[in-house]
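**Student:** Structure provided below as structure tokens; questions to follow.
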Amino acid sequence: MDDITPNELQTPEPPPAADPNPLPFQRPAEYYSNTESRLRPLLPRWVPIGCGWLSLVFVIGLFAAGTLAPKSGVILDMLFGKIQDDLVQHFTKDVTAAQKTSFAAEMKTMRTAARDGKLKLDRTQKLLRLATELDGDEKIDQAEAGKLIAAVRDVNQGVK
């Protein structure tokens, strides 16, 4: 029986020592558990601070421009000018010269009111919706031009 059972207990061999960092990168758990990181920062310290100040100045400038924009009305004038140019380009041949002249005169009145700050913006919503709807197919015929002229007149009647 001595042949089968050994007299001494054999101790198991310890597992081989693991490589401290076998991967070419550091695992997140190792990064956060190590208080002194071997990695250098991606950007110099002044970059986040400089970008933070720059963004703060940009936001303040944006608010300042926003407070001045409604008083000047120049932005609205440019917007309505672009809308007018786009609509006039899509007039079909059956739109009369009188309708084109009437549309241009009404738009000029509305743009002047916008530039002077006398335009009520809530009244322009109907015009903008109608213009979007009618210009969807990029063709504005005589009947649609009449609707646009009526909508612009309606906006001009509500000028302060």
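**Student:** Using a 1.4 angstrom probe on the protein heavy atoms only, line up Ser33, Ser55 by accessible area, largest first.
**Tutor:** On the way: Ser33 90, Ser55 60 Å².
I get Ser33, Ser55, largest accessible area first.
**Student:** Quick one: which residues, 5 or more positions from Phe91 or on another chain, have an amide H under 5 Å from its amide H? H modelled 1.01 Å from N in the peptide plane, none for Pro or chain starts.
**Tutor:** Counting only residues 5 or more places away or on other chains, the set is Ile140.
**Student:** Can I ask one more? At 1.4 Å probe size, with no ligands or nucleic acids counted, give the accessible surface of Leu130 in Å², nearest ten.
**Tutor:** The value for Leu130 is about 40 Å².
**Student:** Out of the total accessible area of region 78-145 (probe 1.4 Å, heavy atoms of protein only), what percent is carbon and sulfur? Could the numbers behind the result be given before it?
**Tutor:** Details: 2180 of 4230 Å².
Here it works out to 52 percent.
**Student:** Between Val74 and Arg27, what is the label-to-label distance in nm when each label sits 7 Å out along the Cα-to-Cβ direction?
**Tutor:** Result: 6.1 nm between the two label points.
The values are calculated or read from the model by the stated rules, or taken from the named source; none is laboratory data. Bear in mind that the values here come from a model prediction, so they are computed numbers and not experimental data. Counting neighbours? That spans all protein chains shown, and the Cβs are built from the backbone with ideal geometry, glycine included. For the accessible areas, the whole protein counts, side chains as well, though only heavy atoms, and no ligand, DNA or RNA atoms are used. Shrake-Rupley method; radii C 1.70, N 1.55, O 1.52, S 1.80 Å.
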